[in-house]
Amino acid sequence: MGNCRVCNTEVKPYQVYCPNCGLKHPLLDKEDLKNFAVFKKRFGLIFPIVSVIIILLFILFVVKIPVMQPVPYTVQQSSPEMVFKEKPLGCTEEPSRYVINFIEKQVFADVKKILQIKLNLENLENEQGTFQYTVKIIYKMSQKEQQKTSEVTLGPYENKTVYAQFEGVSSPDEVEYYFNILPHLRSVCKTETERTVIEKKEEVIKIRQEKTYKTVFRLILEKIN
């Protein structure tokens, strides 16, 4: 380091010309060259490093890369669907189902000559009902008739033994017997199945691929997360 010999301006060791008057200075001596080398060594790497940092920052935050990204979207879809609907056709009263079985007939001759006929009545419905039963006997010789009518209440699927007694019968062989039932009337409602085709609409989420541009820094963040 020294001063210009013309204008006395300070001249740095690495300056060949005077920054003031432009006078060319002689070559630096060894000491000056050494100082210049130290300066160059200290600050010579700063510019490449700064340049590399600037380039990296430019790549990270400015340069964008095209990527394919899934994007959901909603569409309306319709499909045919069969719908079943019960259409009422009205209600009617129908006789309940039943079973009646003859069990036995017996004469108690020592007690007023009583003929007893024993029957079993069974309800075949899943509901309670009152059944009216009639038993009739006809004398074979005189064709004279007698009949007894009574009622019995039966629960769902219940069965009971019922009796009919007639006086003045000496022997079970002198009469013929008959029985019939007036069953409980139950309400029966009928329906008809209607089939209808309707268009069922629903929302469906689908995925499409769209091209978008993202910086390298954003891609790195998404990869980390």
Exercise. Looking at this structure, is L27 outside the structural domain of L154 (by TED's automatic domain parsing) and either at pLDDT 80 or above or surrounded by fewer than 10 Cβ atoms within 10 Å (Cβ to Cβ) (or both)?
Worked result: yes
For this session: Show the residue pairs that are 6+ apart or on different chains and have beta-carbon atoms under 6 Å apart, the first residue being within segment 140-163 and assigned by TED's automatic domain parsing to the domain that holds Q128 and under 20 Å from L185 (Cβ atoms), the second being at pLDDT below 95 and loosely packed, with under 12 Cβ neighbours inside 10 Å.
Result: P156/N126
Exercise. Which one of these is within 30 Å of V75 (Cα to Cα) and either in a strand (DSSP E or B) or in contact with a Lys or Arg (Cβ under 7 Å, 6 or more places away or on another chain) (or both): E199, E194, E176?
Worked result: E199
Exercise. Conditions: (1) in contact (Cβ under 8 Å) with a residue 24 or more places away in the chain; (2) more than 30 Å from E93 (Cα to Cα); (3) over 53 Å from the mean Cα position of the chain (by Cα); (4) surrounded by 14 or more Cβ atoms within 10 Å (Cβ to Cβ). T215 meets all but one. Number of the miss?
Worked result: (3)
Seminar exercise, completed: Within segment 3-23, residues touching a strand residue (DSSP E or B) at 6+ places or on another chain (Cβ under 8 Å) and at pLDDT below 70 come out as L23
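Residue-wise test of (1) within 28 Å of I220 (Cα to Cα); (2) surrounded by 12 or more Cβ atoms within 10 Å (Cβ to Cβ).
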site: L57; (1), (2): yes, no
site: Q77; (1), (2): no, no
site: F84; (1), (2): no, no
site: K87; (1), (2): no, no
site: V99; (1), (2): no, no
site: K112; (1), (2): no, no
site: I117; (1), (2): no, yes
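Residues in segment 46-91 that are of a type in the set (G, A, S) and closer than 21 Å to K200 by Cβ: how many?
The qualifying residues number 2.
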Problem set entry | Those residues of segment 89-122 which are under 18 Å from F179 (Cα atoms) and among the hydroxyl-bearing types (S, T, Y), in sequence order | S96, Y98
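The values are calculated or read from the model by the stated rules, or taken from the named source; none is laboratory data. All values reported here derive from a predicted model rather than from experimental measurement. Every residue, glycine among them, receives a Cβ derived from its backbone with ideal geometry; neighbour counts consider all protein chains shown.
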